[in-house]
Structure formats: C-alpha cells, structure tokens
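A.B. asks: One structure, pasted below without further comment.
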Amino acid sequence: MNKEKYVFAQLISFLNEDKFRRIVNKYQGNRYIKHFTCWNQLLALMFGQLSNRESLRDLIIALDAHHSKCYHLGMGKNVSKSSLARANQDRDYHIFEEYAYYLVNEAREKRKNVLSDMAIELIGFYPKQYYPDKLRLVRYWDEEQKREFVFLTNAMHISALQVADLYKNRWQVELFFKWLKQHLKIKKFWGTTENAVRIQIYAAICTYCLVAIIQHDMQLGRSTYEVLQILSISLTDKTHLRDLFDKTIFQNDKERFGPNGPSLFNF
C-alpha cells in the first residue's frame, strides 16, 4: 500500500509556511476567523492554478470530488464557493502580495536570472464620465526615435520623463498578462473586484515560483511546461515527486512562449 503523501501536499512542503503566517499576523488576516484561514485560501487558489480550473465554481466542483482528501491536501474541511468568494472579496490582498514577492526573491536566489521584477499595475478602461476633471498634457521628444510623443495623464506629481517611461512600460504589463494566460491558465478572473483580481494574480505568481523552486531543489531536467502539465493531472495521486517526474514521459514538448513573450526565469 502506498503511504506517501498526496502530490499536492508534497509540493506545499517546499513553501515556507512560517513566513506566510508571520505576514498574516502582520495584517491580522485571520482575525475573527475560525475555519477558512488565509493559508487554506492560498492553497485552494494554488490548487486551482495547478489543476487549470477556469472559475471558482469549477474549482469547488473539483474540490468537492476530492472532499475526503481536502484536509490531507492542506486546505482544511471548510472550502466552499461562498467561503472562497468571500475571502477573495474581503481579505487584504497585501498578505498575498508580500508573500508572492518573498517567493520571487527565493526563486531569484535559486535560479539567479530574473527578467521581471514583478512590478504589476492593473490597468483598466473607463467611460468618459469617470475620468478626472483635470488632465495633464505631456509632450516628450525621443532622441532615439527622433519623434515627439504626446501623453494624457492625471499624474501631476511626476516628471514628463517618468510619464513617458510609464507609458512605455504599459506594453510590458500586457506581455506579462499574456505570459500568465499561457503558463498559469489565467484566461479570466474568478472575481470582479480589484481585491479578488489581485489575490488571484499573486496566487498565480506564488504557484509559478513554487514550481521554479521545486525545479531547482530537485534538479529536474524538465521544462516548466512539462512540470506544470505533469502536476496538473497528478495533484491527488500518492506518488513520490521523484518517481512522478522520473517516470512520466512527454513527447513533442516545447515551451509555450515565443521570442517576444516575457519569462520570469531563464533556464
């Protein structure tokens, strides 16, 4: 009889739970909470990312199918659509943001080459009536391209050069979201509020960094795409991670990002 832990539980052992709990205490994330803690919430979201769930409903259906395993997977026994939606709506996203940046630094130390410092800005478009009354016109001459650029902004406290740089970096934000969709299956957001969106993004970042850390610590000779594909169909198996990655065979595999797509880590 196989007495190994579930694959997902083995993955979680690579996370620094003590660090996460210190961050939770800093923001009082579990204040008045008896059951569905911040840690349970993070693990549920990471399970959804790794198993390619497309919505909260989809995630809960998957978890309900493995209800008897949830406790041993680390998510507790009280995961429901309402508890997860309420947590994503109300909990301070800074908890997950700070832990995501911590994991980015951990992965950076292990993998060395990082092409993005994870500076994320959520950009939206609004009807005309929601724009501020005062807008600033900025004209910027680009010596390299020998042309003038004109920008509109409500940021009155920064220089024209900073405004131009921010507009230039907007494309990097778009590429980052494209990268998230390709590698972590974020094709749509599971919540409609800014808080829910941010929590989902930071949980996705945590998931990817966890995979990068595992690749380093286990010295896996596999691409990130392969590792994610193997994990997506094995989370509730009781197979030792080493056996899982050594015995699973993939053919015609390739990384799913082009030369213009961003990557967090060079391999």
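A.B. asks: Quick check: convex hull over the Cα atoms of the stretch 135-179, volume per residue in Å³, rounded to an integer?
C.D. replies: Numbers: hull volume 3.7 nm³, N = 45.
Dividing the Cα hull volume of the stretch 135-179 by its residue count gives 82 Å³.
A.B. asks: May I ask for the net charge around ASP92, where only other residues with Cβ less than 11 Å from the Cβ of ASP92 are counted and Lys, Arg are +1 while Asp, Glu are -1? Working shown, then result.
C.D. replies: Working: positive: LYS26, ARG31, ARG91, ARG198; negative: ASP90, GLU97, GLU98.
Residues close to ASP92 contribute a combined charge of +1.
A.B. asks: Now a separate question. At 7 Å along Cα-to-Cβ for each site, give me the label-to-label distance between GLN219 and TYR32 in nm.
C.D. replies: Placing both labels 7 Å beyond Cα along the Cβ direction yields 5.2 nm.
A.B. asks: Under a no-solvent Debye model with one identical scatterer per Cα of the stretch 3-72, what's log10 I(q)/I(0) at q = 0.16 Å⁻¹?
C.D. replies: -0.65
A.B. asks: Oh, and also: Could you state, as a whole-number percent, how many of the C-alpha pairs of the stretch 48-104 are farther apart than 12 Å?
C.D. replies: Values: 1147 of 1596 pairs.
Summing the P(r) tail past 12 Å for the stretch 48-104 gives 72 percent.
A.B. asks: Among the listed pairs LYS26/LYS81; LYS178/LYS238; LYS69/LYS187; LYS110/LYS238; LYS5/LYS81; LYS168/LYS188, give every one whose C-alpha distance is greater than 31 Å. Mind showing how you got there, number by number?
C.D. replies: Working: LYS26/LYS81 27 Å; LYS178/LYS238 33 Å; LYS69/LYS187 27 Å; LYS110/LYS238 27 Å; LYS5/LYS81 26 Å; LYS168/LYS188 25 Å.
Those over the limit are LYS178/LYS238.
A.B. asks: When Lys and Arg each count +1 and Asp and Glu each count -1, what net charge do the other residues less than 11 Å away from TYR140, Cβ to Cβ, add up to? It would help to have the intermediate numbers written out before the result.
C.D. replies: Values: positive: ARG139, ARG147, LYS168; negative: ASP142, GLU143, GLU148, ASP165.
Surrounding charge for TYR140 is -1.
Coordinate-derived values only; no laboratory data. These numbers were taken from a predicted model, which means no experiment stands behind them. In this analysis, Cβ positions are derived from the backbone assuming ideal geometry, glycine residues included, and neighbour counts consider all displayed protein chains.
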